[in-house]
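Down below is the structure, laid out as structure tokens.
The values are calculated or read from the model by the stated rules, or taken from the named source; none is laboratory data. The structure displayed is predicted, hence computed values, not measured ones. Ideal geometry is used to build each Cβ from the backbone, glycine not excepted, and the neighbour counts take in all protein chains shown. All accessible areas refer to the heavy atoms of the entire protein, side chains included, with ligands and DNA or RNA removed. Shrake-Rupley method; radii C 1.70, N 1.55, O 1.52, S 1.80 Å.
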Amino acid sequence: MTPDTCSAWDPGNCEGTAECPPRCPRFVDKRGEPVLVEPYTPSRFEDLVSMYEGYPDAHRSMGLPPVGRDRIEDWLERLLERGFAIVAVHDGKVVGHATYAPRSSVEPQFIVFVDPAYHDRGIGSECCRHVIAYAADAGHEALVLDVDAENERACHVYRRMGFEAVAQDGGEIRMRLPFDEPIIETVRLPPAERPVSA
């Protein structure tokens, strides 16, 4: 799907089909601009590396994303080999990335990053919803994540998604989203049937 096709899409009328993925890839952000959220493919590797190469230090958390092209590539290659990932694309540019790993775990670890130039547009939340939908569809029982306790913005987004704090070690909070929560069904609804915040 091209960005032009996505921009003509009216989510209010989309009822989905049996062939749809676990969550519709088309998304209209808070600015009214089209964003495509799709499973990662190797053709997006360079774009993904580029997003992380320019990632400002002020937005790094708990050592991630790593600094330097070689370290970024190594980190991404390990994640992509062991896990499942999606990318958010705006005007042909990767602006968001979310993943869970390892695929073999019943409760894989979840991470999400959005290019800071695209913060406050709902892209991070949409990436979260996609990973939740795909992980539930793949038969996982829950997702877990670690977040810096001082990162109130991220903690708020995760709580809104249904994650709950299950442990704290110093400045790091472990959060868990069991897949018996209502959001699991909500994230899979076609756009026309979704509540406003889903």
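A few comments on the model shown:
- A135, sole failed condition from (1) within 23 Å of Y52 (Cβ to Cβ); (2) in a loop (DSSP other than H, G, I, E, B): (2)
- Residue, most open to solvent (accessible area, probe 1.4 Å), within the stretch 106-139, restricted to residues that are among the charged types (D, E, K, R) and in contact with a strand residue (DSSP E or B) (Cβ under 7 Å, 6 or more places away or on another chain): E107
- Remark: pairs (first residue in the stretch 142-171, open to solvent by 50 Å² or more (accessible area, probe 1.4 Å); second residue among the basic types (K, R) and at pLDDT 90 or above; Cβ separation under 6 Å; 6+ apart in sequence or on different chains) = V166/R174; V166/R176; A167/R174.
- All positions within the stretch 158-198 that are modelled with pLDDT under 90 and β-branched (V, I, T): I183, I184, T186, V187, V196
- Taken together, the residues in the stretch 184-198 that are open to solvent by less than 30 Å² (accessible area, probe 1.4 Å) and either more than 24 Å from P34 (Cβ to Cβ) or in contact with a Lys or Arg (Cβ under 9 Å, 6 or more places away or on another chain) (or both) amount to 4.
- Residues that are closer than 19 Å to D137 by Cβ, open to solvent by less than 10 Å² (accessible area, probe 1.4 Å), outside any helix (DSSP H, G or I) and in contact with a Gly (Cβ under 6 Å, 6 or more places away or on another chain) do not occur anywhere in the stretch 71-86.
- Filtered by the rule that a residue be crowded, with 17+ Cβ neighbours inside 10 Å and either over 11 Å from A85 (Cα atoms) or out of contact with any helix residue (DSSP H, G or I) (no Cβ under 8 Å at 6 or more places or on another chain) (or both), the stretch 23-37 gives R23, C24, P25, R26, F27, V28, D29, P34, V35, L36.
- Residues (free of Cβ contacts under 8 Å to residues at least 12 places away in the same chain and part of a loop (DSSP other than H, G, I, E, B)) located in the stretch 55-65: R60, G63
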